[in-house]
Ligand SMILES: Nc1ncnc2c1ncn2[C@@H]1O[C@H](COP(=O)(O)OP(=O)(O)OP(=O)(O)O)[C@@H](O)[C@H]1O
Ligand SMILES: [Mg+2]
């Protein structure tokens, strides 16, 4: 697939939450295409629908209306099992609060998604080690999350997100719990991964982080209201 074929195509996407007698329009008609190899930033004020968009893209939630095609496959047409497989194997998530398994070492955390993908143990270990090296943490492989700094934990989470060689990395405020210098390192790492060809969608309300992306969209009240390159 070349750069011009959209990796992701979104049309008329809506997500409504009924709340008593009112309805929250978390996404109110979003159209978007993302090319293979893009580093797309998503910005906008709190409550504008950024996380909702990412959850739908990652198969963590289903839209009220509209479609999301990933490599031509309509996510809304997948059944629960297919969507779970998509979520586990084809998407890499990075969240603000890391979500590492506290009882597992860095190495085990990176191996974890490969366990579900039924990768044989030897290959699992090799790839986890390779990925920890890639994020500069080979020497921390036996540390548990509490024995790592925030920036290190997020780098482990990024290595884990890469475990199953995902189609796209979805990062929701990945620097939200980090100081600005550590946050900038994490964003630099995402930039390097993008330079190696990885498609990344980064949600952030921090202009300094968004400045590292090549294109960014601005959201407001569940809609895309601007785009800059
Ligand atoms: N499960 C839910 N039930 C009801 N309303 C929800 C739910 N999830 C999100 N919303 C509402 O949808 C809107 C969009 O939420 P979303 O989390 O996508 O915003 P966001 O842009 O990620 O904000 P933030 O920058 O604070 O993370 C908000 O008004 C929110 O209150
Ligand atoms: Mg959010």
Using 1/(1 + (r/R0)^6) with R0 = 30 angstrom and r between the beta carbons of residue 180 and residue 220, what's the FRET efficiency to the nearest 0.05?
0.75
Rounded FRET efficiency, nearest 0.05, which uses the C-beta distance separating residue 101 from residue 71 and R0 of 25 Å:
0.25
Working out 0.36 nm times the residue gap between residue 46 and residue 81, then minus their Cα-Cα distance, what length gain in nm do you get to one decimal?
9.4 nm
Who wins for biggest fluctuation among 12, 20, 47 in a Gaussian network model of the chain, springs between alpha carbons below 10 Å?
20
When a footprinting reagent is the concern and you count Cβ atoms within 10 Å, what order do 221, 179 take, fewest first?
179, 221
In a Gaussian network model of the chain with springs linking alpha carbons closer than 10 Å, the residue among 42, 135, 24 that fluctuates most is 24
Relative contact order for the chain, counting Cα pairs under 8 Å that sit 6 or more residues apart, in percent:
28
What distance in nm separates the simple spin-label points at residue 208 and residue 227, each placed 7 Å from Cα in the Cβ direction?
2.9
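Counting other beta carbons within 10 Å of each Cβ, put 64, 23 in order, fewest first.
By the 10 Å Cβ count, ascending, the order reads 23, 64.
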Distance from the range 38-90 to the range 140-165 (C-alpha centre basis), Å
24
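Dividing the alpha-carbon radius of gyration of the range 6-228 by 2.2 N^0.38 Å (N being the number of residues), what value is obtained? Provide the component values of the computation, followed by the final result.
Values: Rg = 17.3 Å, N = 223, 2.2 N^0.38 = 17.2 Å.
That works out to 1.01 for the range 6-228.
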Of all DSSP beta bridges in the chain, what percent run antiparallel (nearest 5)?
55
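Since every read-out is calculated from the coordinates, none of them should be taken as a lab result. Worth saying up front: this structure is predicted, and the values here are computed from it rather than measured. Virtual Cβ from ideal backbone geometry, glycine too; neighbours counted across all protein chains shown.
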